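Novice: Attaching a single structure in structure tokens format; questions to follow.
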Amino acid sequence: MAKLPEQRPETLGGYIVHGIPFPVETDPDSLAFLKRMAPLQIEQEYRITYLHSYGQDSPWFAAASNRRLLGTQDPKSGYTYATPRGHDMFSGEETRWIDITERKAHVHAFTVCHFGSEEFLPETPFVLALIEFEGVNTLFLTRLMGVDPLEASLDWIGMAVQPKFLRNSKLKPTDVYFVPAKA
Amino acid sequence: MRPVFAVSGGVSKFAKARPDKTFQAVVKEAYDYAIADLSLDFPGFTSVVDGSVASYFSDHFTRQLMAGIMVQDYLGLVPKPGHRVEGGGATGGLCFQEAWKSIASGHMDVCLAYGFETMSHVETWKGNEFIALASDISWDYPVGGFYSGYYAMMVTRHMKEFGTTVEQMAHVSVKNHINAFHNPYAQKKERYTIQDVRSSPMVAWPLTRLDICVMSDGAAVVILASEEGVRRIEAAGGKIPRPLVRVTGIGRGTDAMRMSDRPHVDFDTFLRDYATEQERSSNETRSYYKKLWDHGTRYPGVHSFRAGRAAGNMAYKHAGIADPLHDLDFVELHDAYTSSELQTYEDMGLCRYGEGGPFAASGKAFMPGVDYGLKLPEKPVCPVNPSGGLIACGHPVGATGLMQAVFAAWQIQGTVGKHFADSRLQVKDARRGAIHSHAGTGTYVTVSILEREA
């Protein structure tokens with residue numbers, strides 16, 4: 001049985017305090033006493049909005065918002081990327097777009113995240129998976145749905161899967177996710 | 001290249017949070033220790049050091065750009081030359097090697113490598129978010145960016161491919177935590193069992209909280225010197241233990257940021273480009289690997305760290321090491337996860353690919369004379385992470401690789417008992433050791449060899 005938590009989570013936030021204890025006089029003894037003072041800590045907020053460009057990868061997101069899954073391919077060698085690269089890693093040549101929506105796909109590796117980065121904590125537990133495609137040399141990182149995250153099993157590796165697309169695109173790689181393939 | 005010696009080092013107390021001091025003052029703790037260990041004072045060392053290399057990973061954690069120059073200033077090193085290096089979790093290892101280059105090239109005779117990280121300034125899960133930004137923010141981070149998740153995916157593939165078990169991984173956690181029980185610098189001092197590891201909260205299946213290192217505040221410094229630098233330090237009144245500790249090999253490797261892009265090469269390519277000399281020259285090992293490939297294994301995929309293999313092979317060639325398991329007296333490696341220690345055994349040639357699990361539970365990587373409460377089938381051969389590693393010591397990223405260098409230098413000096421006030425972790429007659437520093441999912445990896453000067 002898993003151990004029950006014995007500690008409450010630590011969070012920031014709280015009251016604003018006015019008036020910090022400090023010696024009334026700044027005589028040598030009082031100043032020397034400051035060496036024994038505990039540190040003061042303040043909260044600093046930092047928010048920023050970035051304008052991120054998908055650059056040469058942009059067509060992938062346009063495709064996903066139209067329910068197509070694209071990869072890229074070196075035109076000469078045929079080396080194929082499930083996660084698109086604008087240029088081939090071996091030849092340096094510009095790649096071309098190919099449609100891999102209908103390719104047979106399987107789970108190559110996975111995990112169930114019971115914790116996560118702050119942004120994704122509300123979504124836990126969720127399943128991350130690397131997907132392999134028939135005739136494609138590299139993998140694709142995605143969310144796997146339709147499996148019970150509390151019943152994780154190595155048997156999931158090799159499972160046939162198929163893509164599903166969000167109806168309302170967010171222009172993120174999570175516009176596509178995978179589910180167990182229908183027989 | 002000129003001979004390079006690691007003449008002194010210091011490590012601050014690693015802790016969950018160090019609000020008592022600013023990051024500059026935490027570095028000075030480690031710095032003061034290192035120069036005091038040379039029997040020099042602050043002005044005395046300032047007069048002999050030529051310059052520095054600074055190591056810290058993230059500007060996000062401190063919300064302070066150019067933190068390195070603030071440390072350089074605080075240590076009284078301006079206007080001497082200095083620069084910052086950054087390469088994720090391998091930042092400390094890269095810093096050590098950049099300082100090595102400064103000496104080996106003749107650019108400097110005495111060089112200070114210092115590293116630090118203050119990870120406590122944000123909450124744990126925000127810290128995990130910062131770390132996850134060290135993955136492709138177009139393709140990886142938005143899917144659920146979480147480093148523990150990335151490593152967990154890598155090890156599920158290792159388990160499927162090679163039959164590795166969670167109990168084998170838990171042996172690493174038990175070993176490293178119990179080693180750290182004798183290390184006063186360690187953040188965690190706990191005696192765990194295999195059951196404790198498995199029953200601790202699941203973080204990213206199959207990795208539990210005790211399979212994963214913690215975030216830390218801390219600093220470490222290493223002082224490197226040429227033969228002329230050694231003479232200069234001693235002429236200024238410094239005392240350096242003999243025999244000297246010489247850095248005899250450095251190696252580095254890299255790999256694609258996106259795990260999904262890592263290749264899956266065929267058997268012949270593996271043998272030609274990645275096998276160790278030892279593996280290549282053994283008929284039995286070639287046959288072993290052929291069977292793996294016949295069953296579908298490809299390299300490195302996501303189950304192995306190609307950068308670690310490249311770094312190890314390069315460093316071993318540089319240092320003249322043919323049989324790492326027997327030619328090294330100890331290894332301090334980057335065990336951010338129990339799984340990555342097990343995978344690194346294979347990358348560094350301590351065992352063959354696919355044998356990391358049985359190796360972890362064999363006893364070969366354990367310290368002799370330490371009671372782990374485990375029935376281990378074999379005797380220690382090459383202790384791995386005798387200090388307790390990242391899992392128990394903590395992982396203030398920029399300091400970690402330098403902490404390893406300090407502990408390795410003390411092992412070879414034979415001064416662990418003096419520095420730890422406990423000789424239990426001194427590897428007997430340690431002549432040669434390796435330190436291994438590793439960045440996110442194996443993107444940058446460094447291996448450096450330290451050994452006793454003949």
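Throughout, read-outs are computed from the coordinates displayed, never taken from laboratory work. Everything quoted here is computed from the prediction, not taken from an experiment. Positions of Cβ are backbone-derived with ideal geometry, glycine not excepted, and every protein chain shown enters the neighbour counts.
Novice: Cut-off is 10 Å between beta-carbons; in what order do B:Glu355, A:Glu132, A:Glu6, B:Glu453 appear when sorted fewest neighbours first?
Specialist: Values: B:Glu355 17, A:Glu132 23, A:Glu6 5, B:Glu453 12.
Least crowded to most crowded, the residues run A:Glu6, B:Glu453, B:Glu355, A:Glu132.
Novice: Kindly point out which whole DSSP H helices in chain B project their C-alpha atoms 18 angstrom or further along the helix axis while averaging a Kyte-Doolittle hydropathy of 0.5 or above. Don't jump to the answer; show the numbers that get you there.
Specialist: On the way: long enough: B:23-37 (22 Å, 0.16); B:91-104 (19 Å, 0.22); B:147-162 (22 Å, -0.40); B:166-180 (21 Å, -0.17); B:306-319 (20 Å, -0.77); B:397-413 (25 Å, 0.92).
Membrane-span-like by this rule: B:397-413.
Novice: Out of A:Leu171, A:Leu141, A:Leu40, any idea which swings most in a Gaussian network model of chain A, alpha carbons joined below 10 Å?
Specialist: Evaluated over chain A, the most mobile residue of the options is A:Leu40.
Novice: Further question on the same structure: Which value, in debye to the nearest 20, gives the size of the charge dipole of the range B:203-254 about its Cα centre, when Lys and Arg are +1 and Asp and Glu are -1 at the Cβ?
Specialist: Working: 7 positive and 5 negative charges, 35 e Å.
Magnitude of the dipole: close to 180 debye.
Novice: For the range B:110-253, what is one quarter of the convex hull surface built on the Cα atoms, given in nm²? Walk me through the numbers before you get to the answer.
Specialist: Numbers: hull surface 52.0 nm².
Value for the range B:110-253: 13.0 nm².
Novice: Consider just the alpha-carbon atoms of the range B:358-454 and return their Rg together with their Dmax, both in angstrom.
Specialist: Answer for the range B:358-454, Rg first and Dmax second: 14.0, 38 Å.
Novice: Can you compute the modelled spin-label distance between B:Leu376 and B:His83, with each label point 7 Å from Cα toward Cβ, in nm?
Specialist: Here the modelled spin labels are 4.2 nm apart.
Novice: What is the percent of Cα-Cα separations in chain A that go past 23 Å? List each step's numbers first, then the result.
Specialist: Working: 10129 of 16653 pairs.
Tail of the P(r) past 23 Å holds 61 percent of the pairs.
Novice: Moving on to the next point. So, R0 is 45 Å and r is the distance between the beta-carbons of A:Arg8 and B:Lys239; what FRET efficiency does that work out to, to 0.05? Spell out each step's value before the answer.
Specialist: On the way: r = 50 Å, r/R0 = 1.11.
That gives a FRET efficiency of 0.35.
Novice: Return, for the Cα atoms of the range A:1-92, the radius of gyration and Dmax in Å, separated by a comma.
Specialist: For the range A:1-92, the Cα-based Rg and Dmax read 29.1, 81 Å.
Novice: How high is the relative contact order of chain A, in percent, counting Cα pairs under 8 Å that sit 6 or more residues apart?
Specialist: Working: 264 pairs, mean separation 31.8, N = 183.
Reported relative contact order: 17 percent.
Novice: Next question. Farthest toward the dipole's positive end in the range B:283-325, which of B:Leu325, B:Pro300, B:Gly312, given Cβ charges of +1 (Lys, Arg) and -1 (Asp, Glu) about the Cα centre?
Specialist: B:Pro300
Novice: Here's something else I'd like to know. Viscosity 0.890 mPa s, temperature 25 °C: give me the Stokes-Einstein translational D for the range B:313-394 in µm²/s, with Rh taken as the Kirkwood radius over C-alpha pairs.
Specialist: On the way: Rh = 13.1 Å.
Reported coefficient: 187 µm²/s.
Novice: Taking only the Cα atoms of the protein assembly as shown, how large is their convex hull per residue, in Å³?
Specialist: Convex hull volume per residue, Cα atoms: 178 Å³.
Novice: Radius of gyration and Dmax for the range B:32-142's Cα atoms, expressed in Å?
Specialist: 16.2, 52
Novice: Using a basic spin-label model with each label point 7 Å from the Cα along Cα→Cβ, how many nm lie between A:Asn168 and A:Gln41?
Specialist: Going from the A:Asn168 label point to the A:Gln41 one covers 3.9 nm.
Novice: Tell me, what is the FRET efficiency for A:Ala160 and A:Tyr50 to the nearest 0.05, using R0 = 35 angstrom and their Cβ-Cβ distance as r? Mind showing how you got there, number by number?
Specialist: Details: r = 38 Å, r/R0 = 1.07.
It comes out at approximately 0.40.
Novice: Quick one: length gained pulling B:His326 to B:Asp266 fully straight, 0.36 nm per residue minus the C-alpha distance?
Specialist: Taking 0.36 nm per residue and subtracting the Cα distance, the gain is 18.7 nm.
Novice: Once the principal axes of the Cα atoms of chain B are found, what is the range along each, listed largest first in whole angstroms?
Specialist: If we take the Cα atoms of chain B, the spans are 63, 48, 41 Å.
Novice: While we're here: So how do B:Glu167, A:Glu151 line up by other beta-carbon neighbours within 10 Å, fewest first?
Specialist: With the sparsest Cβ surroundings first, the list reads A:Glu151, B:Glu167.
Novice: Let me ask something else about it. Put a dot 7 Å past each Cα toward the Cβ at B:Asp422 and B:Tyr74; how far apart are the dots in nm?
Specialist: Taking the simple label geometry, B:Tyr74 and B:Asp422 are separated by 2.8 nm.
Novice: From the cross-link list A:Lys172/B:Lys189; B:Lys101/B:Lys379; B:Lys21/B:Lys189, which pairs have alpha carbons spaced over 31 Å apart?
Specialist: Numbers: A:Lys172/B:Lys189 43 Å; B:Lys101/B:Lys379 37 Å; B:Lys21/B:Lys189 23 Å.
In this structure, A:Lys172/B:Lys189; B:Lys101/B:Lys379 exceed 31 Å between Cα atoms.
Novice: If you don't mind, another one. Considering only DSSP beta bridges whose two residues both sit in chain B, what percent are antiparallel, to the nearest 5? Walk me through the numbers before you get to the answer.
Specialist: Numbers: 38 of 52 bridges.
Bridges in chain B that DSSP calls antiparallel: roughly 75 percent.
Novice: Kirkwood Rh and Cα-based Rg: tell me the resulting Rg over Rh for the range B:194-237, rounded to two decimals. Please report the intermediate quantities before stating the final value.
Specialist: Numbers: Rg = 21.9 Å, Rh = 14.5 Å.
Here the Rg-to-Rh quotient is 1.50.
Novice: Could you tell me the relative contact order of chain B? Use alpha-carbon pairs under 8 Å, at least six residues apart, and round to a whole percent. Before the final figure, lay out each step's value.
Specialist: Working: 1072 pairs, mean separation 117.2, N = 454.
Reported as a whole number, the value is 26 percent.
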